[in-house]
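**Student:** First, the structure itself, so that you have it in front of you.
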Amino acid sequence: MENVFLSTESLTKQYRGHAANNCVTVSIPRGKITGFIGKNGSGKTTLIRMLTGLAFPTSGKIEFCDADARKHIGAIVEAPAFFGGMSAKDNVVYQAKQCGVDPSDALSVLDVVGLDKNNRKKVRNYSLGMRQRLGIANALLCDPEFLILDEPTNGLDPQGMIEMRDLLHRLSREKNITILVSSHLLGELERIADYYILIDDGIIMECIGAEDLEKRLSERITVTFLGNPSDAADNAAKCVAAGGCASYDISGNKCVLYGPFNYRITAGYLGGFDVESFRTEDGNLENYFVSQVGEK
Ligand code: ADP
């Protein structure tokens, strides 16, 4: 990867003998949105807490692109805290004073996240989506180069999710902010991420760019066969050579054929497997994730 904001090397965090992160080596591309995907309890928050300095690694290291970069991180790790009895504007002004930002310059962050600075409504009466956006506004006060969001769409209604997605897109494209966003809502990330990091049980399963993932997510047919794997591989290779499918993988007694397909040709080769069963799958991130880490 050419332009890296930060990298980790063999980062491990042990909690009472259990590795919440186990030898995590990843790079976060600068100016892009990285989707950090994993089931609940897989170690996303642990890594995020180490990146933000809220937790210390048991071993391993984090390297930023330059010495100053660590100072320019905005993060929402737990639910952001506000003064519920105050308006969004008063909350932001208070927060600005805490961070040494001129309050008169601070209100622009409300425009960025699409909250009305003249709305006197108390934050305790805000929807979850509005609170999340106010949390991001607070995080933007220090003019971050890197924004880390732990499950920002958790609990949002569909409209709130759309707004969050648009906001993250804008922050990335217009302000060139590097964003790391964790989620178990895979469909959400599929629409915004440029790069993906998959984690399961503290171990990084895969790091992959959106374009490469898209290629891999093309439709697929999984054949479970009874015969021997070298015959299956032979048959799959012939199917590829004949233009029936783009590629294949064999693992154990399963052969995955990847699209795009010419189904007429592929159908001719399915008989060449000693088929026990087969199924077709749509290429989406959820299916891909399940194929990498097993059922949720
Ligand atoms: P995620 O954010 O993906 O849901 P976490 O990073 O919160 O996962 O948790 C990963 C694992 O580490 C879980 O098994 C969790 O119980 C454990 N864990 C996280 N924080 C602590 C802690 N402070 N003390 C003990 N165990 C923890």
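Yes/no per residue for (1) touching a helix residue (DSSP H, G or I) at 6+ places or on another chain (Cβ under 8 Å); (2) surrounded by fewer than 16 Cβ atoms within 10 Å (Cβ to Cβ); (3) part of a helix (DSSP H, G or I):
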residue: 239; (1), (2), (3): yes, no, yes
residue: 260; (1), (2), (3): no, yes, no
residue: 272; (1), (2), (3): yes, no, no
residue: 290; (1), (2), (3): no, yes, yes
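**Student:** While we're here: Would you confirm, using the coordinates I've provided, whether residue 205 is open to solvent by 30 Å² or more (accessible area, probe 1.4 Å) and either closer than 27 Å to residue 9 by Cβ or in a loop (DSSP other than H, G, I, E, B) (or both)?
**Tutor:** Yes.
**Student:** Could you please give the count of residues in region 154-168 that are touching a Lys or Arg at 6+ places or on another chain (Cβ under 8 Å) and either under 25 Å from residue 102 (Cβ atoms) or open to solvent by less than 60 Å² (accessible area, probe 1.4 Å) (or both)? Explain how you work it out, then say what you get.
**Tutor:** The initial filter retains those residues of region 154-168 that are touching a Lys or Arg at 6+ places or on another chain (Cβ under 8 Å), namely 163-165, 167.
Filter again for either under 25 Å from residue 102 (Cβ atoms) or open to solvent by less than 60 Å² (accessible area, probe 1.4 Å) (or both), leaving 164-165, 167.
Qualifying residue count for the region: 3.
**Student:** Mind checking which strands (runs of 3 or more DSSP E) fall wholly inside region 1-103 and carry at least 3 residues that are over 21 Å from residue 129 (Cβ atoms) and among the hydroxyl-bearing types (Ser, Thr, Tyr)?
**Tutor:** Of the strands (runs of 3 or more DSSP E) lying wholly inside region 1-103, those with at least 3 residues that are over 21 Å from residue 129 (Cβ atoms) and among the hydroxyl-bearing types (Ser, Thr, Tyr) span 4-15.
**Student:** Another question about this same structure. Any idea which residue in region 130-167 is modelled with the lowest pLDDT, counting only those that are small (Gly, Ala, Ser) and assigned to a helix (DSSP H, G or I)?
**Tutor:** Our first condition is that a residue be small (Gly, Ala, Ser); within region 130-167, this holds for 135, 137, 139, 155, 160.
Right, trim to assigned to a helix (DSSP H, G or I) and you get 135, 137, 139, 160.
On the way: 135: 90, 137: 90, 139: 88, 160: 82.
Among residues in region 130-167 that are small (Gly, Ala, Ser) and assigned to a helix (DSSP H, G or I), the one modelled with the lowest pLDDT is 160.
**Student:** Looking only at region 29-42, count every residue that is within 14 Å of the ligand (Cβ to nearest atom) and either open to solvent by 10 Å² or more (accessible area, probe 1.4 Å) or in contact with a Ser or Thr (Cβ under 8 Å, 6 or more places away or on another chain) (or both) and tell me the total.
**Tutor:** Of the residues in that region, 7 qualify.
**Student:** Between a residue in region 214-225 that is in contact (Cβ under 8 Å) with a residue 60 or more places away in the chain and outside any strand (DSSP E or B) and any residue that is of a type outside the set (Val, Ile, Thr) and open to solvent by less than 20 Å² (accessible area, probe 1.4 Å), which pairs come within a Cβ distance under 6 Å, given they are 6 or more apart or on different chains?
**Tutor:** These pairs meet every condition: 217/288; 218/259; 219/259.
**Student:** Select from region 43-61 the residues that are of a type in the set (Gly, Ala, Ser) and more than 11 Å from the ligand (Cβ to nearest atom) and list them in ascending order.
**Tutor:** 53, 59, 60, listed by residue number.
**Student:** Read through the list (1) within 16 Å of the ligand (Cβ to nearest atom); (2) open to solvent by 50 Å² or more (accessible area, probe 1.4 Å), then give the number of the only condition that residue 150 fails.
**Tutor:** Unmet for residue 150, out of (1) within 16 Å of the ligand (Cβ to nearest atom); (2) open to solvent by 50 Å² or more (accessible area, probe 1.4 Å): (2).
**Student:** Scan region 174-185 and report the pairs whose first residue is polar (S, T, N, Q) and whose second residue is more than 16 Å from the ligand (Cβ to nearest atom), with Cβ atoms within less than 6 Å and a gap of 6+ or a chain change.
**Tutor:** Final answer for the pair search is 176/31; 178/5; 178/30; 178/31; 178/146.
**Student:** Quick one: count up the residues across region 98-129 that are modelled with pLDDT of 90 or more and open to solvent by 30 Å² or more (accessible area, probe 1.4 Å).
**Tutor:** Here the count works out to 4.
**Student:** On to the next question. From the set of residues in region 52-61 that are surrounded by fewer than 17 Cβ atoms within 10 Å (Cβ to Cβ) and not small (Gly, Ala, Ser), which is nearest to residue 202 (Cα to Cα)?
**Tutor:** Once the filter is applied, the top-ranked residue is 58.
**Student:** Quick one: how many residues across region 1-13 are in contact with a helix residue (DSSP H, G or I) (Cβ under 8 Å, 6 or more places away or on another chain) and away from the ligand (no atom under 11 Å from the Cβ)? Explain how you work it out, then say what you get.
**Tutor:** Start the filter on region 1-13 by keeping residues that are in contact with a helix residue (DSSP H, G or I) (Cβ under 8 Å, 6 or more places away or on another chain), which leaves 5-6, 8, 11, 13.
Retained after the next criterion (residues that are away from the ligand (no atom under 11 Å from the Cβ)): 5-6, 8, 11.
The qualifying residues number 4.
**Student:** Of all residues in region 186-202, count the ones that are open to solvent by less than 50 Å² (accessible area, probe 1.4 Å) and within 16 Å of the ligand (Cβ to nearest atom).
**Tutor:** Looking only at that region, the number is 9.
**Student:** How many residues, within region 14-28, are under 14 Å from residue 56 (Cα atoms) and within 8 Å of the ligand (Cβ to nearest atom)?
**Tutor:** Residues meeting the conditions: 3.
**Student:** Answer with yes or no whether residue 49 is open to solvent by 20 Å² or more (accessible area, probe 1.4 Å) and within 16 Å of the chain's Cα centre (by Cα).
**Tutor:** yes
Per-residue answers, yes or no, for (1) touching a Phe, Trp or Tyr at 6+ places or on another chain (Cβ under 7 Å); (2) over 24 Å from residue 192 (Cβ atoms):
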residue: 5; (1), (2): yes, no
residue: 39; (1), (2): no, no
residue: 61; (1), (2): no, yes
residue: 67; (1), (2): no, yes
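The values are calculated or read from the model by the stated rules, or taken from the named source; none is laboratory data. Predicted model only: the values in this text are computed from it and were never measured. As a convention, Cβ positions derive from the backbone with ideal geometry for all residues, glycine included, and neighbour counts pool all protein chains shown. Each accessible area value is taken on the protein alone, full model and side chains, heavy atoms only, with ligands, DNA and RNA left out. Shrake-Rupley method; radii C 1.70, N 1.55, O 1.52, S 1.80 Å.
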